[in-house]
Amino acid sequence: MITFVWAEDENGVIGLNGELPWSLPNDMKFFKEVTLTGNVLMGRKTLESIPNPPLKNRINVVMTRDDTYEADEVIVMNDRESVLILAESMDKPLHIIGGADIFNLFIDDVDKLYRTLIHEKFQGDTYMPEINYNNFKMIESREGLLDEKNRHAHTFQIFERIAK
C-alpha cells in the first residue's frame, strides 16, 4: 500500500525555502503517528530538511536522480518502478512524505491520503500536486485542537481510493 502524508494550506502550499511555512505541533504528532505504522519515502531535499535524519523506527527510502547519492541508514532509489516493486514487497504501508515531485510521481499509485488541511494562507514556493478527489472517499475528518502552541485552525483528513 502506498499513502501520501502531508499538510497544506488553503492554497495548496506545502513548503517555503525547503521548510514548512508554519509551526503546528499537532500536525507533527499526527505525521509521526501515521508514519510509524509503516515506512517512508521522500525526495533528497525532504531528507536533508529533516533535523537529525533519518526518521527513527521506520525504513527510510530516498528517491533522487543522482545515482551517486549516498546517505547513512537510508535506502537510495533512482526510479519509480523500483520503488513500486519495493512497496509491493513490504508488509507495511509505504508513506510518501514529499516533496512535490515525489508526490507527483506516484499520484496514480497512491491508495490512501493523510492530509492536514490548515485553514489559512501562507507564503510558499512549493505546492501539493492536484489530486482528483473524485477517486477517493473521505473516511475520517476531525478538527485539530487549538492552543498556545497550535495557533492555526486545521483539520486532519483521511481518504481511501475508490477508483484507479
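No value in this document is a laboratory result; all are computed from the given coordinates. Nothing here was measured: the structure is a model prediction, and the numbers come from that model. No Cβ is skipped: glycine too gets one built from the backbone with ideal geometry, and neighbour counts run over all protein chains shown.
Below is a table of values for the structure above.
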read-out: Fluctuation leader among PRO54, PRO25, PRO93 - the chain, Gaussian network, Cα springs under 10 angstrom; value: PRO25
read-out: Under 15 Å, Cβ to Cβ, from ALA71 - net charge with Lys/Arg +1 and Asp/Glu -1; value: -1
read-out: GNM result for the chain, Cα springs below 10 Å: residue of ILE14, ILE107, ILE97 fluctuating most strongly; value: ILE107
read-out: Cα lying deepest toward the dipole's positive end in the stretch 2-161, options LEU24, MET128, MET77, charges on Cβ; value: LEU24
read-out: Pairwise label distance in nanometres, ALA153 with GLU19, each label 7 Å out on the Cα-Cβ vector; value: 2.7 nm
read-out: Top of ASN104, ASN11, ASN57 by mean-square fluctuation, Gaussian network on the chain, Cα under 10 Å; value: ASN57
read-out: Extended-chain gain in nm, criterion 0.36 nm per residue less alpha-carbon gap, GLU70 and LYS32; value: 11.2 nm
read-out: Helix 80-89 axis, angle to the chain major axis (alpha carbon atoms, nearest 10°); value: 90 degrees
read-out: Values of log10 I(q)/I(0), in the order q = 0.08, 0.09 Å⁻¹, for the chain under a Debye, Cα-only, solvent-free model; value: -0.22, -0.28
read-out: The chain: Lys pairs at Cα distance under 21 angstrom, eight or more positions apart or on different chains; value: 17
read-out: Helix 25-35 axis, angle to the chain major axis (alpha carbon atoms, nearest 10°); value: 40 degrees
read-out: Charge dipole (debye, nearest 20) of the stretch 74-123; +1 at Cβ of Lys and Arg, -1 at Cβ of Asp and Glu; value: 280 debye
